[in-house]
1. From the phi of every residue in region A:395-409, what ³J(HN,Hα) in whole Hz does the Karplus formula 6.51 cos²θ - 1.76 cosθ + 1.60 yield, where θ is phi - 60° and glycine or proline is x?
2. Can you tell me how much longer the chain between A:GLU372 and A:LEU25 gets when fully stretched, taken as 0.36 nm per residue apart minus their C-alpha distance, in nm with one decimal?
3. How far is it, in nm, from the label point at A:ASP673 to the one at A:ILE260 when both lie 7 Å from their Cα along the line to the Cβ?
4. Over what distance in Å are the Cα centres of region A:162-235 and region A:283-306 separated?
5. Between region A:559-581 and region A:27-92, how far is it from one alpha carbon centroid to the other, in angstrom?
6. Express in nm, to one decimal, how much length is gained between A:GLN420 and A:ALA453 on full extension, taking 0.36 nm for each residue of separation and deducting their alpha carbon distance.
7. On the first, second and third principal axes, largest extent first, how far apart are the outermost C-alpha atoms of region A:293-338 in Å?
8. Can you tell me how much longer the chain between A:ALA298 and A:VAL227 gets when fully stretched, taken as 0.36 nm per residue apart minus their C-alpha distance, in nm with one decimal?
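None of the figures in this text is laboratory data; all of them are computed from the coordinates on show. Owing to the predicted nature of the structure, the values given are computational and were not obtained by experimental measurement. With ideal geometry, Cβ positions are generated from the backbone for all residues, glycine too; neighbour counts draw on all protein chains shown.
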Amino acid sequence: MPEKPVIAEPAEASEGLPKTFDPALFEARWYETWERDGRFQPVGPPGSPRFVMVIPPPNVTGRLHIGHAYGRTIEDILARWMRMRGYRVLWVPGTDHAGIATQMVVERELQKEGTDRRALGRERFIERVWEWRRASGDTILGQLRKLGCSLDWSRLRFTLDPALSRAVRHAFVQLYRDGLIYRGRYVVNWCPGCGTAVSDLEVIEKTTAGSLYKILYDVPGVPEGAVVATTRPETMLGDTALAIHPEDPRNAHLRGKRAILPIAGRELPVVEDAILVDRDFGTGIVKVTPAHDANDYAVAQRHDLPAVVVIGPDGKMTAAAGEYAGLDRFEARKRIVERLEKEDRLVAVEPHEIALGTCQRSDDVIEPYLSEQWFVKVKPLAEPAIAAVRAGAVRFVPESWAKTYFSWMENIRDWCISRQLWWGHRIPAFTCENGHVLVEEEDPVACGQCGSARLVQDPDVLDTWFSSQLWPFSVMGWPERTADLADFYPTDVLVTGYDILFFWVARMIMAGLRFTGEPPFSTVHLHGLVRVGGEKMSKTRGNVIDPLEAIEEFGADAVRFTLASAASSGPTVSVERGRMAGSRNFATKIWSAARFTLAQLEGKDTPPSPRGLSLRLPDRWILSRLDAASAEIQRHLEGFRFDEAAAEIYGFLWHELCDGYLEMAKPVLSGPDPDAARATRSVLRKCLADSLALLHPFMPFVTEELWEKLTGKPGTLVATPYPESSGEWRDLPAEASVEALRAIVTRVRTFRTERGAPPTSPVALAIDPRSPPRAVVGDLEILSPILRHLGRLSSLAFETPSSGVFRDVVAGIQLGLALPEGSVPDPEGRTAKALAEVDAEIAQLSAKLQNPDYLSKAPAPVVEKTRMRLRELETKRAALGSQ
RNA sequence: GGGAGGUUAGCUCAGCGGUAGAGCGCCUGCUUUACACGCAGGUGGUCGCAGGUUCGAUCCCUGCACCUCCCACCA
């Protein structure tokens, strides 16, 4: 392969931009400038229009992943856009203490040191976590800065800050006093790996291939005994009854009998329970294990049965399991099955698909486990929260999420909020030596009932989400009546992934209404989850996109623009590496356009606004397009369609401003008419300035950098008014004429390609002045110099094309085209192909226009459009057919 | 068992009642007074399948197929 000749680049003059740019050279600098200048803090008098968001607080242990980058980019686009529109914008940053996740990180460290938290003790362990947090937490905050997020760092919050801890305690005490928090012994989801209870939402069901074991229980007086099916034989040692359906004739003979529990030899009553037992399933006989199954526990309550805990909090069999004590639950299962087989009690083992509950955090198999826990009674909180969404006080974008929200909220179950962890908000409940329970805002010194000073605080901490649900107002200082709370609450928009709709969004709405009387935000934008090229991101697939690496490689602007472009309304958001490069190319394109523009403006008189100048058609066209683009961008941003907004500005900037206007401007800028050149410079300047402003929320860094070059006002684009459509520049006649010109230029170029002529070969063009869009023809005469230039025409005549030339119709304009000589007429038979297409469409349209139903029922403008199209096609047919 | 969403160009996705779009890829030309991270031209789609509504359907309705994802205590 021959190497490209290396052309020495002329030494760059002292002024002028380099050809390409390095985002690393200015991204950090601009961020610091904005922050130093207080751009991220709300400015303006309280009461003036404001726009408030709180960040979904990432885990302190977290590192920025593509999902964060996506959500925060959307938020930052909103924040910057609203700021430029003159709102007092507040976007509150912060992190979440993330109970289990953080505790696990530090526990792993301890493990490496050969110790554990129990050896350390509670106090020293907690101190250790704080140390860890000081040393390595909050890295994600620096990463958000890299992304360009315009967060108000003066209001940085952490869910374990003293003020936020007070909010948590206040909320707990209030709910307790209102009877909405209670303590009790129930079967909860227990994660043996984490050593704590978790809520229903933290259990991930995975369908797994398992087995259904059919076990024979002896029943004195019933020779055939009772065959019981179970997927978890190890729990049988905790059986305290068998249950049958009261109306099941198959098992009527078992009524009132007592069965013998195999292995253990204990007697079990046979109870009748219509709720638990499904007559149509299996043998209709169910083993009842109250300590290890929530349904069985309910049966035990109804029939006053004891509960025997055979699996302990560590996942190992307890002393109650007799000879199996100390064995891991799965090992115990194996041994018990072996034993049953040996004793000939295993009637059958059938393959059975089971829904295995696993821990969201540790992936361990969840055990239903009977224990003392704290719960929130959620129904009374849910009702007003449902009503608020129904009434439109909270709106979901996209709307369809409301349905999911309702169905969950309407069937909501109590929330287990106690966690057997050390890292988190400790439950503010104390028990005195006489068993009195005290729940108060301040640590009590003596029991209010018996006066005892020997008080023990509940060892558990609260579910992390208990504090998260208060976030939109706890960050504002609630329950204190702070100025921020008065001024900035409720917030406006919440942006987050739909995956935490139940965990967080729903609970915030409930808590906000309960504690502040208002919903915490008026709009919830639930975005999709990021996938890479349609596939879930995973390390094994090797398709993980690390946003920090991407920022290194392409720049933060490119990463942001890519994410914004990918933002569809659907549940998945597909991001590809190729898109990142494309966005980087786009940034370079702007850079290059600015470089050209700046070179043109340099040292020349250029009015900042084209208003009052005498503008030519291309000027009017691009200003009209700019106005239209501004309107579209605004419409899409208002509708949370960041992809469409991004596409709009991309298309305008690249294909209209650069491909279109810049090329038309070149001959004018160097042409003989100084007034025209001056007007062109002014339009160029306005287009560049407005483009930079329009693009700023998406690509804040490169636009700010270029803004400084253009205006000499460093760091001010962030606070420049966002361009909005005024309609002032809208000019449809100019659009029609310039678009006709562009179409004709394209036709001339295609003509060359068709004829196999080199791109530079001169074409003689005739434009039929009798073509129907008369105004356009007139404009084209005015545009002649540009048309000649762009089309590289040897001649341009406004006359009926002579019979010898190739004829066609473009945008209604009848053209005659001719190459010098010796060119191939039409090597690929394109004319014939085009003719066939025209004929087909003519046939279709005439059929339509002969259909009386169409004529009478279709709207008149549509019919008129069809007529016009048909007329144009007929002209085109005549032109093409004359070859 | 309920519920939601999807199926459009080779890939990733927009569009959603009046003649099919983008980016990337692919093909052909190009050092054309910013940009090869570029310019110009082009290739490429019975818009999952079958019915229905309509003057007209990729778009609305019904059914089917396949794919995601949520929710649900069936041993």
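1. 10, 9, 10, x, 4, 4, 5, 4, 5, 4, 4, 4, 5, 6, 5
2. 119.1 nm
3. For the pair A:ASP673/A:ILE260, the computed spacing is 11.2 nm.
4. 13
5. Taking the Cα centre of region A:27-92 as reference, the centre of region A:559-581 is 20 Å away.
6. 9.4 nm
7. 32, 20, 16
8. So the extension gain works out to 23.3 nm.
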